[in-house]
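Beneath this line is the structure, given in structure tokens, with notes to follow.
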Amino acid sequence: MDAAVTFLQQFAAEHPGSGDPRRRIAEVAAEIGRHGTYTHTPEELAFGARVAWRNSARCIGRLYWNNLTVRDMRHVEDPDTIAAQCFEHLRLATNGGRIRPVITVFAPDRPGRPGPTLLGEQLVRYADDPRTAHRVALARELGWKGGETPFEVLPLLVQPGSGRPEFYEIPEDAVLEVPLSHPRHPGFAALGLRWYAVPAVCDMPLEIGGVLYPAAPFNGWYMGTEIGSRNLADTDRYDLLPTVAALFGLDTANDRTLWRDRALVELNLAVLHSYEQAGVTIADHHTESTRFLSHVERESRHGRPVPTDWSWIVPPLSGSATAVFHRYYDPPDPDLRPAFLHRTPTCPLGGFPGAAGQ
């Protein structure tokens with residue numbers, strides 16, 4: 001109830017035309033008294049989802065928080081329909097390459113009745129990505145026969161409440177992929193690399209006013225370094241820097257040649273070039289850093305703090321050359337709500353703890 005009151009007062013404060021919140025608070029109190037929980041209005045849900053993005057300390061792209069498209073699917077609990085709506089989310093967000101920020105909110109947890117969960121970090125992931133090994137194992141135990149070819153899209157895993165998960169192949173028309181090439185090295189395309197267009201996070205439950213929505217996939221668009229510096233370059237992911245260095249003939253005899261740094265720049269350049277050539281929205285880390293500081297300034301004018309995790313906001317490439325590096329920020333507040341929460345990893349198949357999947 002305390003969380004509900006805090007949220008409803010915030011909603012009223014940021015919606016001057018909504019009137020005195022005391023009447024709505026009384027309605028919610030009565031509903032909680034009868035059912036142990038309450039139902040957000042569509043306006044409250046949309047506001048809560050957008051503010052959760054605004055409060056995300058690890059996100060550099062928050063300038064557009066108020067433009068988030070909110071899809072209210074709280075009435076959907078059947079796994080088949082949940083999967084279908086996740087695929088529709090991808091189609092709407094893809095928008096022919098002009099990526100739109102979208103969130104789809106499914107049924108919340110209720111007393112004795114946990115909401116559905118999506119088991120995986122993002123709606124789209126590849127089976128040969130080392131980070132997805134656990135999800136690949138789950139899918140195969142559930143009957144999936146794929147995962148033998150490079151960059152094969154994993155099926156979506158939907159867990160209805162505390163029941164057994166089901167897997168769903170993602171339709172081809174729901175996943176836009178970008179083949180990677182380099183603007184100056186024609187041999188780069190022969191590596192056969194690609195990545196998908198929409199980074200739709202689905203392993204972070206959404207909490208609004210004390211109500212938890214365990215399945216609420218959301219997306220913005222990619223910043224190039226997320227793909228070029230992390231997904232494709234991290235040693236525990238695709239670890240492609242040695243491959244790129246060999247392609248460009250870099251001297252890898254020792255670290256002082258800075259071959260990793262040079263390969264990293266070429267890999268990031270290829271990502272930005274490829275997405276631009278394909279007409280798919282992507283941001284570079286310099287532009288996005290400047291935009292983030294515009295967000296900080298705008299929020300300051302509204303008298304709102306901007307909780308920021310410096311280690312996530314500063315890009316993993318040329319950090320000190322970006323605008324976000326040389327300053328301090330409001331520290332992250334783990335108690336700030338509404339929020340997207342971090343979920344603990346799930347246990348193996350056969351012992352799913354309700355909504356605690358990843």
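The values are calculated or read from the model by the stated rules, or taken from the named source; none is laboratory data. What you see is a predicted model, and the numbers here were worked out from it, not measured in a lab. Cβ: placed from backbone, ideal geometry, glycine included. Neighbour counts: every protein chain shown.
Every condition in (1) in contact (Cβ under 8 Å) with a residue 60 or more places away in the chain; (2) in a helix (DSSP H, G or I); (3) under 17 Å from the mean Cα position of the chain (by Cα) holds for A57 except the one numbered (2). Looking only at the stretch 91-106, decide whether some residue is among the β-branched types (V, I, T), in contact with a Phe, Trp or Tyr (Cβ under 6 Å, 6 or more places away or on another chain) and surrounded by fewer than 23 Cβ atoms within 10 Å (Cβ to Cβ). Within the stretch 91-106, one or more residues are among the β-branched types (V, I, T), in contact with a Phe, Trp or Tyr (Cβ under 6 Å, 6 or more places away or on another chain) and surrounded by fewer than 23 Cβ atoms within 10 Å (Cβ to Cβ).
Number of residues in the stretch 90-105 that are out of contact with any helix residue (DSSP H, G or I) (no Cβ under 7 Å at 6 or more places or on another chain) and not in a helix (DSSP H, G or I): the value is 1.
Sub-6 Å Cβ pairs linking a first residue in the stretch 158-184 that is in contact (Cβ under 8 Å) with a residue 60 or more places away in the chain to a second residue that is among the acidic types (D, E) and not in a loop (DSSP other than H, G, I, E, B), at least 6 apart or interchain, are V158/E166, ordered by first then second residue.
Given the condition among the hydroxyl-bearing types (S, T, Y), within 21 Å of the chain's Cα centre (by Cα) and either farther than 30 Å from T117 by Cα or at pLDDT 95 or above (or both), answer yes or no: does some residue in the stretch 243-258 qualify? Checking the stretch 243-258: not a single residue is among the hydroxyl-bearing types (S, T, Y), within 21 Å of the chain's Cα centre (by Cα) and either farther than 30 Å from T117 by Cα or at pLDDT 95 or above (or both). If the condition is being surrounded by 17 or more Cβ atoms within 10 Å (Cβ to Cβ), part of a loop (DSSP other than H, G, I, E, B) and not aromatic (F, W, Y), then the stretch 34-54 contributes T37, H40.
May I ask you to list pairs of residues, at least six apart or on different chains, whose Cβ atoms are under 7 Å apart, with the first in the stretch 83-103 being more than 19 Å from D203 (Cα to Cα) and the second being assigned to a helix (DSSP H, G or I) and not acidic (D, E)? Within 7 Å, the pairs are R91/A174; G97/A278; I99/A93; R100/L92; R100/A93.
Residue-level check: of (1) surrounded by fewer than 18 Cβ atoms within 10 Å (Cβ to Cβ); (2) at pLDDT below 95, P331 misses just (2). Of all residues in the stretch 55-77, at least one satisfies being farther than 27 Å from V175 by Cα and surrounded by 19 or more Cβ atoms within 10 Å (Cβ to Cβ).
The stretch 174-274 holds strands (runs of 3 or more DSSP E) entirely within its bounds, and those carrying 1 or more residues that are over 23 Å from C59 (Cα atoms) and touching a Lys or Arg at 6+ places or on another chain (Cβ under 7 Å) map to 177-179.
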